[in-house]
Amino acid sequence: MQTIVFQGDSITDVGRDEDSRLWGEFGFGYPLLVSAKLGFERPDDFRFINRGVSGNRVVDLYARIKCDILNLRPDVLSILIGVNDVWHELGNHNGVAADKYERIYNMLIEEIRAELPQIRILVLEPFVTHGTATDGAWNVFSKEVPLRAAAAKRVAQKHGLTFVPLQAKFDAAASQNGAAHWTVDGVHPTTFGHALIAHEWLTAFETTE
């Protein structure tokens with residue numbers, strides 16, 4: 001049985017600590033949707049762990065590498081990180097510059113691969129849409145989040161990982177139904193936005209398995 005670990009910020013967390021008896025520590029976002037589908041179709045193949053932490057930047061994820069990644073010994077690791085590296089600079093000037101984001105991300109992957117050489121890693125693209133949390137600083141979000149997205153893609157390519165594009169998918173979906181259908185505030189997905197992420201995750205996972 002393979003262990004799949006989901007890592008990231010609030011987009012991955014989505015209430016996983018609020019009532020683990022109810023949600024099985026999956027939260028109620030895309031990790032739950034992915035786990036539900038794979039667990040239903042292939043119940044003997046996988047176990048699922050969500051270790052997303054709301055508010056995390058790449059440096060916070062790197063700080064948790066031992067307890068929340070290496071110690072869990074995952075066969076598959078899913079990572080979605082990056083929007084807080086931009087957002088936190090706006091509020092308390094504690095963001096992570098794009099070049100440092102890429103440097104820390106590379107360090108994270110290198111250390112994981114050194115400890116777990118057979119691990120399979122999916123790198124999900126950070127994304128942003130128009131919304132109540134982003135429109136007031138859209139010039140920053142629209143410039144800086146794509147820089148982290150490009151860095152995440154380079155990290156995936158450098159290490160031969162599976163990259164899961166999301167920004168273009170959200171842009172296309174928003175052009176059809178409006179951004180508010182897909183994200184609550186421009187950062188956090190709605191139920192439908194989580195379904196979009198889960199769909200792209202499963203497509204990437206199943207086509208590269």
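The values are calculated or read from the model by the stated rules, or taken from the named source; none is laboratory data. On a predicted model such as this, the values are computed, not experimentally measured, just so you know. Cβ placement follows ideal geometry from the backbone for every residue including glycine, while neighbour counts extend to all protein chains displayed.
Can you name every residue in segment 75-126 that is hydroxyl-bearing (Ser, Thr, Tyr) and either touching a strand residue (DSSP E or B) at 6+ places or on another chain (Cβ under 7 Å) or over 30 Å from Gln2 (Cβ atoms) (or both)? Quick ask: steps written out before the conclusion?
Applying the first criterion (hydroxyl-bearing (Ser, Thr, Tyr)) to segment 75-126 yields 78, 101, 105.
The answer is Ser78, and nothing else.
Every listed requirement among (1) part of a loop (DSSP other than H, G, I, E, B); (2) under 18 Å from the mean Cα position of the chain (by Cα); (3) surrounded by fewer than 18 Cβ atoms within 10 Å (Cβ to Cβ); (4) free of Cβ contacts under 8 Å to residues at least 40 places away in the same chain is met by Arg16 save one, (3).
All conditions but one from (1) surrounded by 22 or more Cβ atoms within 10 Å (Cβ to Cβ); (2) out of contact with any strand residue (DSSP E or B) (no Cβ under 8 Å at 6 or more places or on another chain); (3) of a type outside the set (D, E, K, R) apply to Ala137; the one that does not is (1).
Take Lys153 and decide whether it is under 15 Å from Tyr101 (Cβ atoms), modelled with pLDDT of 95 or more, part of a helix (DSSP H, G or I) and not β-branched (Val, Ile, Thr). Reasoning before the result, please.
Working: under 15 Å from Tyr101 (Cβ atoms): yes; modelled with pLDDT of 95 or more: yes; part of a helix (DSSP H, G or I): yes; not β-branched (Val, Ile, Thr): yes.
Judged against the criteria, Lys153 is a match.
Here Lys143 does not fit the description of being of a type in the set (Lys, Arg), part of a helix (DSSP H, G or I) and in contact (Cβ under 8 Å) with a residue 12 or more places away in the chain. Screening the candidates Ala195, Ala152, Ala173 for the property of being under 14 Å from the mean Cα position of the chain (by Cα), buried (at least 18 other Cβ atoms within 10 Å of the Cβ) and under 22 Å from Val34 (Cα atoms) yields one hit, Ala152. Taking Leu90, is it outside any loop (DSSP other than H, G, I, E, B) and under 18 Å from the mean Cα position of the chain (by Cα)? Taking the combined requirement at face value, the residue does not satisfy it. Are any residues in segment 155-168 without any contact (Cβ under 8 Å) to a residue 40 or more places away in the chain and surrounded by 18 or more Cβ atoms within 10 Å (Cβ to Cβ), and if so, which ones? Matches in segment 155-168: Ala156 only. Among the candidates Asp60, Asp99, Asp75, Asp9, the residue that is under 14 Å from Leu122 (Cβ atoms), at pLDDT 95 or above and among the acidic types (Asp, Glu) is uniquely Asp75. The residues listed here are Arg57, Arg47, Arg73, Arg64; of these, the one that is of a type in the set (Lys, Arg) and crowded, with 20+ Cβ neighbours inside 10 Å is Arg57. Read through the list (1) assigned to a loop (DSSP other than H, G, I, E, B); (2) surrounded by 24 or more Cβ atoms within 10 Å (Cβ to Cβ), then give the number of the only condition that Phe28 fails. Status for Phe28: all satisfied but (2).
Give segment 182-209 a look and list any residue that's of a type in the set (A, V, I, L, M), touching a residue at least 40 places away in the same chain (Cβ under 8 Å) and assigned to a helix (DSSP H, G or I), or say none.
To start, the set of residues in segment 182-209 that are of a type in the set (A, V, I, L, M) comprises 184, 187, 195-198, 202, 204.
Right, trim to touching a residue at least 40 places away in the same chain (Cβ under 8 Å) and you get 184, 187, 195, 197-198, 202, 204.
Residues satisfying the conditions are Ala195, Ile197, Ala198, Leu202, Ala204.
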